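One structure is given below, encoded as structure tokens.
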Amino acid sequence: MNTDQLRSFVRDIPDFPKEGIMFRDVTPLFLEPDALRAAAAAVAAPFRDAGVDRVLGIEARGFLLGAPVALELGAGLGLVRKQGKLPYHTHQVSYDLEYGSDTVEMHIDTVEPGHRVLILDDLIATGGTAAAAVQLAREAGGEVVGAAFLIELSDLGGAKLLDGIDPIHCVLRY
Ligand code: AMP
């Protein structure tokens, strides 16, 4: 399946969750096994020989895409969640939003010192969430070997917040 075919499974929803936002809805892609399989393979492709120990999936669609990517790479799947959802001891990182701030967490045993970590989400917009995940991985002693997204919203320039992360791999650009 080529990228144009993959793109056809992403549904554009104008003005969600608020006016002026074009929401890129990947749920139709999740409904189609061939598309999900192809998306996971395309997201994982540059990292096949990268010796990834942990794929860090970001809540919530990053969990769903992260599972098949972790299987493709033979890596463990770690979860980065909004504050208050994880039951065990956590590392925490707060980051700025347009208004206010947000906090993400990761269990302290998800990444061990020296682990090679791939940051993963369905989409990078401003990059704030992914940058917080990078910080979590590094605080735990991990080495971030790249970041991968199915979708990049290029106009928002989120990759700039991931300064020093190489490669930043995006399959579809809008
Ligand atoms: P950011 O921290 O701004 O890069 O936001 C990334 C997170 O917000 C990802 O987990 C995305 O799933 C979600 N997100 C942000 N903007 C959109 C959008 N236009 N369509 C779909 N998801 C979005």
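The values are calculated or read from the model by the stated rules, or taken from the named source; none is laboratory data. Keep in mind it's a predicted model, so treat the numbers as computed, not measured. Reconstructed Cβ throughout: ideal geometry from the backbone, glycine too, with neighbour counts over all protein chains shown. Surface areas here come from the heavy atoms of the whole protein model, side chains and all, with no ligands, DNA or RNA. Shrake-Rupley method; radii C 1.70, N 1.55, O 1.52, S 1.80 Å.
Observations on the model:
- H91 open to solvent by less than 60 Å² (accessible area, probe 1.4 Å), closer than 22 Å to D166 by Cβ and more than 16 Å from the ligand (Cβ to nearest atom): no
- Any hit, region 53-71, residues being within 18 Å of Q135 (Cβ to Cβ) and open to solvent by 60 Å² or more (accessible area, probe 1.4 Å): no
- Test: E105 is closer than 14 Å to A44 by Cβ and more than 10 Å from the ligand (Cβ to nearest atom): no
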